[in-house]
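Everything below concerns the one structure shown next.
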Amino acid sequence: MRVVLAEDLALLREGLVRLLEAAGFEIAAAVDNGPDLLEALVDHRPDVAVVDVRLPPSFTDEGLQAALEARRRVPGLPVLVLSQYVEQLYARELLADGTGAIGYLLKDRVFDADQFVDAVRRVAAGGTVMDPEVISKLVTRGGPPVSRLTPRELEVLELMAQGRSNAAIAGRLVVTERAVAKHIANIFTKLDLTVSDDDNRRVLAVLAYLDR
């Protein structure tokens, strides 16, 4: 599985390269700025990109914008964004096209190698991964239409936003997969998501979660 990595801090970049290579990934390119990132993503078309939000030259959201532009040129390109702080706008921008294969983690998560590598694999496989702290902050905000959901449905939606499958959600909540499927159906109904491809509805549900 080929990865393009973007991180401006040399020590962290090298550490991520070693971690990913140890997990069996091939590093197609490791860059330290936005323009080089965009070029690498379009040229290499990797299986997944791991991108720091803030990169030279602007040190604002250069990495995110380069990744979004690459997804416009290479639709569906899997991107996992790393951020020092919780920025809800970044999460919303990533989810806006509704196609999945995106993730948003706080940088601290890279120190848990298993969790980080699992997130990279899930995004590469087309999943949606959101940092638990991002989800926690969003839950406290409330507001329609998510305010229609029961506490249990919110738990299920939070786990969906972390990219977990129905089976994984069932295991986490100690319920049956059938119960999870029922909760998800209720979530779709309450969020006014009409019958369509289930994967797309999961992404739209997470987007509704953020768009409050």
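Assorted remarks:
- A66 open to solvent by less than 30 Å² (accessible area, probe 1.4 Å) and touching a helix residue (DSSP H, G or I) at 6+ places or on another chain (Cβ under 6 Å): yes
- For region 108-117, the criterion of a residue being in a loop (DSSP other than H, G, I, E, B) and not hydrophobic (A, V, I, L, M, F, W, C) is satisfied by at least one position.
- Qualifying residue in region 42-51 (condition: under 18 Å from the mean Cα position of the chain (by Cα), surrounded by 15 or more Cβ atoms within 10 Å (Cβ to Cβ) and farther than 16 Å from G126 by Cα): yes
- Residues that are assigned to a helix (DSSP H, G or I), open to solvent by less than 60 Å² (accessible area, probe 1.4 Å) and at pLDDT below 65 within region 137-172 comprise L138, V139, listed in sequence order.
- When the test is whether a residue is closer than 15 Å to M1 by Cα, in the same structural domain as R121 (by the TED database) and more than 16 Å from the chain's Cα centre (by Cα), F59 does not pass it.
- Of all residues in region 172-186, those that are under 18 Å from L149 (Cα atoms) have Cβ atoms under 7 Å from Cβ atoms of residues that are among the β-branched types (V, I, T) and open to solvent by less than 100 Å² (accessible area, probe 1.4 Å), 6 or more apart or on another chain, in V180/V156; V180/I169; H183/V156; I184/V156.
- The residue that is modelled with the lowest pLDDT, among those in region 24-57 that are hydrophobic (A, V, I, L, M, F, W, C) and closer than 19 Å to V129 by Cα, is V53.
The values are calculated or read from the model by the stated rules, or taken from the named source; none is laboratory data. What you see is a predicted model, and the numbers here were worked out from it, not measured in a lab. Cβ sites come from the backbone with ideal geometry, for glycine too, and all protein chains shown count toward neighbours. Each accessible area value is taken on the protein alone, full model and side chains, heavy atoms only, with ligands, DNA and RNA left out. Shrake-Rupley method; radii C 1.70, N 1.55, O 1.52, S 1.80 Å.
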